[in-house]
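Let me begin by presenting the structure, written as structure tokens, before commenting on it.
The values are calculated or read from the model by the stated rules, or taken from the named source; none is laboratory data. Just so it is clear, the structure is predicted and the values come from calculations on it, not from any experiment. Here the Cβ positions follow ideal geometry from the backbone for every residue, glycine too, while neighbour counts run over all protein chains shown. Accessible surface is based on the protein model in full, side chains and every heavy atom, while ligands, DNA and RNA are left aside. Shrake-Rupley method; radii C 1.70, N 1.55, O 1.52, S 1.80 Å.
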Amino acid sequence: MLRRIAIAAAVAAVALGGSAYAANEGRPPKDVHFSFQSPLGSYDMAAVQRGFQVYAQVCSTCHSMEHLSYRNLGEPGGPFAEYSVRNHQTGEMENRVGLPAGEHGEYVDVVNNPYVRAIAAGFQVPDIDQTTGEVTQRPARPSDHFRNPFANEYAARAANNGALPPDLSVITLARAGGAAYVFSILTGYTGEMRGTQYVNDYFPGRLISMPPPLASDGLVTYSDGTTATRDQMARDVAQYLQWAADPHMEARKTMGVQVIIFLLVLSALLYLAYKAVWRGQSH
Amino acid sequence: MAEATAGGAHETLETTRRDFIFIAAGAVGAVGTAATIWPFIDQMNPAADTRAMSTTEVNLSQIPVGQEIKAIWQGKPVFVRHRTPAEISQALRDDYAQLKDPQMDEDRTKQSNGSPGKAEWLILQANCTHLGCVPLPSFDPGYRGHYGGWFCPCHGSDYDTSGRIRQGPAPKNLYVAPYVYLNDTSIRIG
Amino acid sequence: MSGSSTYEPKSGFTRWLDKRLPIIRLTHDSFVAFPTPRNINYWWTFGAMLSLCLGVQIVTGIVLAMHYQPNIHDAFASVQRIQRDVPFGWLIQNLHAVGASMFFLAVYVHMFRGIYYGSYKAPREVLWILGCLIYVLMVATAFLGYTLPWGQMSFWGATVITNILGAIPFVGESIQVWIRGGGAIDQPTLNRFFSLHYLLPFVIAGVVVLHVWALHEAGQNNPTGVEPKTKDDTVPFTPYATMKDLFATSLFLILFATFVFFMPQALGHSDNFIPANPVQTPSEIVPEWYLLPFYAILRAFDFNIGPIDSKTAGVFAMFASIGVLFILPWLDTSRVRSMRYRPAARWWFMIFVAVALALGWCGGQNPSTVLAQPGSFRATLNWIANGQTSQQRIQVASPAAFQAASDAAEAQLRAQGATMTSVVRESGTTALALGVSRGSPETRVITAATSDDLEAEITAAKAQIGGSSPFVAIKREAPFQFTVTRFAQLLTAYYFFFFIVLLPLLGLREKPNRVPDTIAKSVLGQTQGAS
């Protein structure tokens, strides 16, 4: 029997010899550091804001983010969340985006958030005209889902040489390398082409249908004045996509710290209680 | 004798320490359990997408005088009533009648930003303040009210042309829906 | 409970209730006064953790079902909505997903403990079998639950596992269609998987009640494997065991919370964040970590065994690897219960644990990954330098006649004096037969570490030989490669060897150490002087 297995094993080894599995995978992602990667790290909200700008001006022409709504941008933990904070010079309460470190502020409901309203209004989304029943376009409201660039999968493929641009809602969770993978793809083009495809060493199979999206520096003019180098834009959009995939990360980590401290205290007390109960009992 | 006393004191101290540990562990455990329960209760509250449900826009030019439509706002019906001059004058006359929930007709057409509305247009949440049925308007065949506004078929609450409760079990007037005029012929509810 | 109850109702109400529904008495006898061996160690605290896990899964699961939509178009989005919009939805979903892993982690420790200390031996066979049944139900529930998020792994995992059922002789295909409610995993499948995923945990809870009942009938085993004989051997379950369980469970919760709050996705697979796509299979399909050992056993059978094909054999082995646990009480022939006193068995057990872990590792690897390769790839090139080439056209009416014609052509060329012949096929019915005569026969042997390198070197050599010879005969030899599959085959062999051969034989042949007469004796003997 054992001999038979050995023979079978040898035969199979010949058959399987030299499988080209490895060539199919892209290179491991670049070693890039993001502030959210450490166990207690949080998002760099300025980068998330800039990343949204890159998404809105570049990525969103082909990629949907169907699980996000414009309101998400202004919800607690979002890049445009507004807080009512006291201005220490004037003593007045005023609304501002983001909570400055160490400050207390009342979260302003996203329904009243002018930034989110303005961002949403900048996109046209389809709707049904209730008097005619026809499909029309109207400016988006905060409660609308992100505009889908294509009506359906076929339209998306038709516009992209048959390739389907993936939805980006959870892209950093759906790719093994996460945000670093996104960054590597965006900065990993070699400049060569094979037919209609582009060589990108970080992409599985090394040939990607997406033309280099961040082809030149300054493609986006950042509203905060940051110089939009290709590297900067790739970093920012990767950070934004990570936020989009995991918007409650900061709340999660904060609660995690509290829970673990609590459990450590509880464990210590339970250990003492356990010892006290068993005191005098040999075991 | 002295030894025995010392031992007794030691014993008492030991018991106190043990009790303290048990009480502390029990208390911390109870706090933890209570804190754990909250997320499981809160999850049944409206989710963020539900809370951010969009506003509703209504085009008024399509509604003839004396008619109403039911717009849907946040999943609930809203009466948008185009009142006749007779209905308006009756509502104004009744401002000083014996009312269960006194309110001026002028206040009932006010926009949510505080500025006055238009007397022809009454925008009301369409659920009876008794138990939430949708009352029937005066032009409905099933209408059996006496005040020319709405009549609730469930338990007979009778509302006037301003949507104020006049008779029946409902405790409050029909609630005014929050709305603003976007222009002369359209409003936004919410 | 057999034996007399020590419960005495104190107040009027409890006396009244005790006559009508002795539920407090039952609880008291089962979880307070229940005599517990005084020497049980921390390995015995996993039962409490498992109860907690079942509770967490049921509570979080009921909550998730309030928000989840078992619809192929909405399922993925509804999970996203739970994560994003439902108040604390992210927490509850993380608890449920991580909870499944924690449940399995605890159950594996619980099972290994049972094997090590012989907790399956008389009079606890039924207790053990009920435990195995719970485990099987857990696997089924976990599999069904993994389908629900409707990601790529959900879809293809369900496809692969339902295909496994197709391996059952005669009725397999019908069962497969019946389970799926159609030819493929689709809406009907998702709907019924959701329903069953909701149902099974309550079935588990029912079997857990039986499991605990059986436990309380036979009494708990203990590290010595000696049954309690006197009152000195036991302590009341509460507070002694309860406090220990609470403390251990609290530590377990720290691990649980670490995953839930700091790496909720670490135990999952990134492909499950891609919505299910029935026309594209992910590059590698792996189950959740807790099923990897069985997955490795399934894949280890890449060869047919006589009339049994490799698929059937793998499926059979996978089911047998769990099935063998059910008959474990009758496979172990040892009279000594605890391996603490079985020095030989203890070593084999340690190897078994390592093998089980290694199988899990194999299940997560690409099966053809080469772990060790003692030799190298070889190719022997034969050609004739500076010979004279003759050729002959082959043209046949149908491809079926080709072989005969080509053999004839080669024979003819050889008859004309060619020392080497070759047939270059041009189409189904045409070819060119080449023969070389005279010249000098040459041979070259090429070796390389990988087949790719070998092919590159062959190409280079052919270019070098070039025009001096019209063709080169190449004989390739692949070395023996110790792949993940080979490794898994060895491990699988040990897995079954341990249960089917070792345990029965060891019990008859081994020389156990001296077993203490009572638990109290062993405790006093070991912890003398300590408090």
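Being over 30 Å from A:Arg252 (Cβ atoms) and either surrounded by 15 or more Cβ atoms within 10 Å (Cβ to Cβ) or free of Cβ contacts under 8 Å to residues at least 40 places away in the same chain (or both) is a condition met by no residue of region C:251-263.
Out of curiosity, is A:Arg230 within 25 Å of A:Leu164 (Cα to Cα) and open to solvent by 70 Å² or more (accessible area, probe 1.4 Å)? Answer is yes for this residue.
Which fully enclosed strands (runs of 3 or more DSSP E) of region C:354-423 have 3 or more residues being within 55 Å of the chain's Cα centre (by Cα)? Steps first, answer last, please.
Values: elements: C:370-372, C:377-385, C:388-395.
Result: C:370-372, C:377-385.
Looking across region C:367-378 at every residue that is in contact with a helix residue (DSSP H, G or I) (Cβ under 8 Å, 6 or more places away or on another chain) and buried (at least 17 other Cβ atoms within 10 Å of the Cβ), the one that is nearest to the other protein chains (Cβ to nearest Cβ) is identified as C:Ser368.
Would a scan of region A:244-257 turn up a residue that is within 9 Å of chain C (Cβ to nearest Cβ) and farther than 24 Å from A:Val170 by Cβ? Scanning region A:244-257 turns up at least one residue that is within 9 Å of chain C (Cβ to nearest Cβ) and farther than 24 Å from A:Val170 by Cβ. Scanning region C:321-349 for residues that are surrounded by 17 or more Cβ atoms within 10 Å (Cβ to Cβ) and small (Gly, Ala, Ser) yields C:Ser321, C:Ser334, C:Ser338, C:Ala345.
Screening A:Gln258 on (1) part of a loop (DSSP other than H, G, I, E, B); (2) open to solvent by 50 Å² or more (accessible area, probe 1.4 Å); (3) not aliphatic (A, V, I, L, M) shows it passes everything except condition (1).
Tell me the strands (runs of 3 or more DSSP E) entirely within region B:14-116 that contain at least 3 residues that are open to solvent by 60 Å² or more (accessible area, probe 1.4 Å). Walk me through it before giving the result.
On the way: elements: B:56-59, B:68-73, B:76-82.
Where strands (runs of 3 or more DSSP E) fall fully within region B:14-116 and carry at least 3 residues being open to solvent by 60 Å² or more (accessible area, probe 1.4 Å), they are B:68-73.
The residue that is farthest from C:Gly387 (Cα to Cα), among those in region C:463-479 that are of a type in the set (Gly, Ala, Ser) and open to solvent by 70 Å² or more (accessible area, probe 1.4 Å), is C:Ala463.
Could you run through region B:150-187 and say how many residues are outside any loop (DSSP other than H, G, I, E, B) and either touching a residue at least 40 places away in the same chain (Cβ under 8 Å) or open to solvent by 10 Å² or more (accessible area, probe 1.4 Å) (or both)? Outline the logic, then answer.
First, pick out the residues of region B:150-187 that are outside any loop (DSSP other than H, G, I, E, B): B:150-151, B:158-160, B:165-167, B:176, B:179-183, B:186-187.
Okay, now just the ones that are also either touching a residue at least 40 places away in the same chain (Cβ under 8 Å) or open to solvent by 10 Å² or more (accessible area, probe 1.4 Å) (or both), so B:150-151, B:160, B:165-167, B:176, B:179-183, B:186-187.
Total satisfying the criteria: 14.
If you go through region A:49-108 and pick out every residue that is more than 14 Å from chain C (Cβ to nearest Cβ), not hydrophobic (A, V, I, L, M, F, W, C) and not in a loop (DSSP other than H, G, I, E, B), you end up with 17. Among residues of region C:480-514 being within 14 Å of chain A (Cβ to nearest Cβ) and within 14 Å of C:Ser334 (Cα to Cα), the one that is least open to solvent (accessible area, probe 1.4 Å) is C:Val501.
Just give me the residues in region A:178-212 being under 20 Å from C:Ser270 (Cβ atoms) and either in contact with an Asp or Glu (Cβ under 7 Å, 6 or more places away or on another chain) or surrounded by fewer than 19 Cβ atoms within 10 Å (Cβ to Cβ) (or both), in sequence order.
We begin by selecting, within region A:178-212, every residue under 20 Å from C:Ser270 (Cβ atoms); these are A:178-186, A:188, A:200-206, A:208, A:210.
Matches in region A:178-212: A:Gly188, A:Asp201, A:Pro204, A:Gly205.
So which pairs qualify, if the first residue must be in region A:146-174 and in contact (Cβ under 8 Å) with a residue 24 or more places away in the chain and more than 15 Å from A:Ala244 (Cβ to Cβ), the second must be open to solvent by less than 40 Å² (accessible area, probe 1.4 Å) and not in a loop (DSSP other than H, G, I, E, B), the Cβ gap must be under 6 Å, and the two must be at least 6 apart or on different chains? These pairs meet every condition: A:Phe150/A:Ala156.
Checking each residue in region C:249-267 for being farther than 21 Å from A:Gly41 by Cα and facing another protein chain (nearest Cβ under 9 Å) picks out C:Thr249, C:Ser250, C:Leu251, C:Leu253.
Criterion first (in a strand (DSSP E or B), among the hydrophobic types (A, V, I, L, M, F, W, C) and either over 30 Å from C:Asn304 (Cβ atoms) or in contact with a strand residue (DSSP E or B) (Cβ under 6 Å, 6 or more places away or on another chain) (or both)) does C:Ile465 satisfy it? Criteria not met by C:Ile465.
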